[in-house]
Each structure stands twice: as C-alpha cells, then as structure tokens.
Amino acid sequence: MKTIAPSILSADFANLQHDVELVNNSDAQLLHVDVMDGVFVPNISFGFPVMEALHHCSTKPLDVHLMIVHPEKYVQRFCEAGAWSVGFHLEAVDDPRPALDIIRHCGVRTCLTINPDIDPKRLLPYLDQVDMVLLMSVFAGFGGQKFIPETMDKVRFIRREIEERHLDTLLEVDGGVNADNARYLFAAGADVLVAGSAVFRALDPVAAIRQMMQ
C-alpha cells in the first residue's frame, strides 16, 4: 500500500464538503482526520458531529488520528462514527492495550502514534498488536510545520523491524509531507503519507496528490 492521505485539518472549513469531494475524485486512498482536544495538544479541532458528516460525504476510508488525553474513553465513539482506523498517541496512555482492544472489538483498524521526541523503540512491543504505526514528522497540534529530517531514519528503523518480523503492519508518516520528500519517504519504507497544506493549498489538489504518489 502506497498512498497519500490528505489531512482535512488543512481544508477550507467553510467549504468542507467541496474539499472532501476533491479527495473523493483523487488518487488518494484515505482521508486523514486529526482530532485535537486542547489538552494533549494546544489546539482544538473536530468532534463527533463533524466526523459523522465526513463519513457521510467521503468515499475514502477515514483515517482518524486522536491527539487527546484518555483516548480509551472515546475510541469506541469514533469507531461507531465511521472510522476506518483509529490511532492515538503512545505517550498519552500508561498502557495502550485497553484502548487497542476496544478499537479491535469494534472491527476497526488499530494505530499507535508517537511524536518526534519519542524514541521509536517504544513502539516495538506493540508492532504485532496494531494494524498501523504513525510516526509524526512534526509535533502534533498544528498544520503547516516543516518536516523534521531525522524522521527518515525512524522510518527505516521501523520498516526494518516490520520486515524482520514478517508483519503486515502499515507505516504512516504525518507532518510536512510534500512533493519534495514524498518519494524519499516511500523509498525509506512508508506506506501512507499524510499531507495537509501540500494538498489543500495547492492550485490543483488532485494533481498535487498524483505528483506525491509518483
């Protein structure tokens, strides 16, 4: 799986359905939904009503990234609201397994995420327990940040671990992704690249997605 997952966080909120339709008509295979609570990160974004609306108008599966405290209290509702995958931050919990169990019980794909300052080795005990891991290549909370180059080494490290264990776990990267670095991230082992500003601020978002996938 090699795909771009446009982040709706960078879309035009006054014309959200229009921007979702752009993604529907593109080569992207996922729509990325960033959920922020103003506590885990200093910003607030979408809640359940918007999530349900996105599920209604998107033909692409919804890849939900929770940047919230106590994700175990909310993961079931996001699953029920139409998520294809639900991910949360490893550093937001003492033990990720209860929340992962809830997501899995709902029949939704599981994902664990870490910020750039978290050692990727902390993901290793859970690689065989999740469907996807998400490496943040900027600090969670705001769009438009610059890509952190050291992420490339982390991508190679996690890809090597996945292959050595013969796992099907997908590897996702989020933050500062654009046409200049997408090819290198795919080459390093990423399966899914989340792109916000590079898609929705492009003159032709559909063409921008196609270019990043080439």
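The values are calculated or read from the model by the stated rules, or taken from the named source; none is laboratory data. Everything numeric in this text was worked out from a predicted model, so none of it was measured. Quick reminder, even Gly has a Cβ in these numbers, built from the backbone with ideal geometry, and neighbours come from all protein chains shown. When the accessible area is computed, the model is the full protein with side chains, heavy atoms only, and any ligands, DNA or RNA have been set aside. Shrake-Rupley method; radii C 1.70, N 1.55, O 1.52, S 1.80 Å.
In a helix (DSSP H, G or I), over 22 Å from R109 (Cα atoms) and polar (S, T, N, Q): does that describe Q145?
no
For the stretch 74-91, enumerate the residues that are part of a strand (DSSP E or B) and under 22 Å from L123 (Cα atoms).
Residues satisfying the conditions are W84, S85, V86, G87, F88, H89.
What about V177, is it in a helix (DSSP H, G or I) and touching a residue at least 40 places away in the same chain (Cβ under 8 Å)?
no
I need a count of the residues in the stretch 125-144 that are in contact with a Gly (Cβ under 6 Å, 6 or more places away or on another chain) and not aliphatic (A, V, I, L, M).
Selection size over the stretch 125-144: 2.
Being free of Cβ contacts under 8 Å to residues at least 40 places away in the same chain and either closer than 17 Å to A92 by Cβ or open to solvent by 70 Å² or more (accessible area, probe 1.4 Å) (or both) is the filter here; which residues of the stretch 119-133 pass it?
Answer for the stretch 119-133, where residues must be free of Cβ contacts under 8 Å to residues at least 40 places away in the same chain and either closer than 17 Å to A92 by Cβ or open to solvent by 70 Å² or more (accessible area, probe 1.4 Å) (or both): D119, P120, K121, R122, L123, P125, Y126, Q129, V130, V133.
Consider the stretch 188-214. How many of its residues are under 26 Å from T169 (Cα atoms), surrounded by fewer than 16 Cβ atoms within 10 Å (Cβ to Cβ) and charged (D, E, K, R)?
1
Give me the residue from the stretch 13-32 that is farther than 14 Å from D204 by Cα, of a type outside the set (A, V, I, L, M, F, W, C) and in contact with a helix residue (DSSP H, G or I) (Cβ under 7 Å, 6 or more places away or on another chain) and, out of that set, most open to solvent (accessible area, probe 1.4 Å).
Selected residue: Q17.
Run L185 past the list (1) closer than 21 Å to R210 by Cα; (2) open to solvent by 30 Å² or more (accessible area, probe 1.4 Å); (3) part of a helix (DSSP H, G or I) and report the number of the one that doesn't hold.
Among (1) closer than 21 Å to R210 by Cα; (2) open to solvent by 30 Å² or more (accessible area, probe 1.4 Å); (3) part of a helix (DSSP H, G or I), L185 violates only (2).
Let me confirm something: among A81, A5, which residue is open to solvent by less than 50 Å² (accessible area, probe 1.4 Å) and in contact with a Phe, Trp or Tyr (Cβ under 7 Å, 6 or more places away or on another chain)?
The unique qualifying residue is A81.
Can you say whether R159 is modelled with pLDDT of 95 or more, on the phi < 0 side of the Ramachandran plot and surrounded by fewer than 16 Cβ atoms within 10 Å (Cβ to Cβ), as far as the supplied structure shows?
Here the answer is no, as R159 does not meet what is asked.
Looking at the stretch 33-62, I want the residues that are in contact (Cβ under 8 Å) with a residue 12 or more places away in the chain and open to solvent by less than 30 Å² (accessible area, probe 1.4 Å) and have a partner that is in a strand (DSSP E or B) and small (G, A, S) with Cβ atoms under 7 Å, at least 6 apart or on another chain. Which pairs are those?
D34/S7; L62/A83
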